[in-house]
Amino acid sequence: MSTEDHRAKSGDLKMLYEEERKLKIVEYLQDHSRASVQQLSKIFQVSESTVRRDLQELEDAKLLKRTHGGAVCLETVNFEPTFIEKEDQFQKEKESIARKAAEFIQDGDTLVIDSGTTTAYLAKELKRFANLKVVTNSIILAQELQGMEGIEVIITGGTLRQNTLAMVGPITEHSLSMLRVDKAFIATNGLDLHKGLTTPNIVEAATKTKMIDIAKQVILLADYTKIGKVAFAKFAEVSRIDTCIVDDKVTQAVVDEMGKLGVRVCIVTP
């Protein structure tokens, strides 16, 4: 075999292996729903940069969806990213929404703040206040608020969900039922005008419902990617929300329809 023939055959084999590997990646995701770059690198014994290139090409071919640090199968129903996977996504939008949300707070308020990446940015905004009571089911928020003078932090207790780092379940709901607050700041995975506010986990949905029930005023924090999405478990009608704070990628049609439902929409520009 000539040198040229050998190189050609090696190139063909390399291409065949790359295509086979990408096929195997898709199959792995179909079986496991999600995978990290690090996991795929170990499984297929290639570099993480090679895996990232494969994932980009597979996403371009609409065979999977890339996430922060990995990928998920497009066929996965109600996929729920982890807190870590979501925290750096749409950061500017979330920061702007959190800053606007802080304008609804006054010293002396009692608040319940839901677990979520957008509400985590709100916690950072509370350092400007001198007298607040904050109830939360989020260990991330509790850590963020610890040490802030003038802010009394009440943690609900309950069962910790590793995915969202939220405390949920009967203990959480019982502790919330004993309280009444001025304002609730709620996160959501989906906001559909007809199907309501939804989240993938039914137990976490029950916790969100209880937070809404104990508040005089309910404020939803939602970046534009949540609009039109529907997850498994409904926790409230859209009309149950008093105010929705969203970034400027929301359409005017959605704003108008929410207005008809009695929801005040505040639009922020990142």
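Annotations for the structure displayed:
- When the C-alpha to C-alpha distance is required to be over 27 Å, the pairs from LYS124/LYS260; LYS42/LYS229; LYS100/LYS208; LYS92/LYS216; LYS92/LYS229 that qualify are LYS124/LYS260; LYS42/LYS229; LYS92/LYS216.
- A Cβ-based charge dipole, computed about the Cα centre of segment 86-268 with Lys and Arg at +1 and Asp and Glu at -1, lands at about 240 debye.
- Estimated FRET transfer efficiency when R0 is 25 angstrom, pair HIS68-LEU23 (beta carbons, to 0.05): 0.55
- Segment 133-240, Cα convex hull volume normalised per residue, Å³: 100
- Calculated FRET efficiency for the pair LYS124/ILE171, C-beta based, R₀ 25 Å, to 0.05: 0.35
- Over the chain, DSSP H runs of length four or greater, each weighted -39,500 (n - 2.57), average out per residue to a 222 nm ellipticity of -12500 deg cm²/dmol.
- Backbone N under 12 Å from the VAL230 label point (7 Å along Cα→Cβ), restricted to segment 181-198: 191-198
- The local environment of GLN106, defined by Cβ-Cβ distances under 12 Å, has a net charge of -2 under the rule Lys, Arg +1 and Asp, Glu -1.
- Fully extended contour minus Cα-Cα distance, from GLU257 to MET178, at 0.36 nm per residue: 25.0 nm
- Whole-angstrom Cα spans of segment 14-69 along principal axes, big to small: 26, 22, 19
- If the segment from GLN91 to ASP192 were pulled out straight at 0.36 nm per residue, it would be longer than the present Cα-Cα gap by 34.1 nm.
- Once the Cα atoms are used to define both axes, helix 91-102 deviates from the longest principal axis of the chain by about 0 degrees.
- Cα-based helix-to-principal-axis angle, 48-60 vs the chain, degrees rounded to 10: 80
- Taking label positions 7 Å along the Cα-Cβ direction at both LYS42 and ASP213, the computed distance is 4.3 nm, reported to one decimal.
- Computed log₁₀ I(q)/I(0) - Debye formula, equal Cα scatterers, no solvent, the chain, q 0.08, 0.09, 0.16 Å⁻¹: -0.40, -0.49, -1.19
All of the numbers you see were taken from the coordinates with simple rules; none came from a lab. If you're wondering where the values come from, they're calculated on a predicted model, not measured in any experiment. A quick note on method: Cβ atoms are made from the backbone with ideal geometry, for glycine too, and the neighbour counts reach across all protein chains shown.
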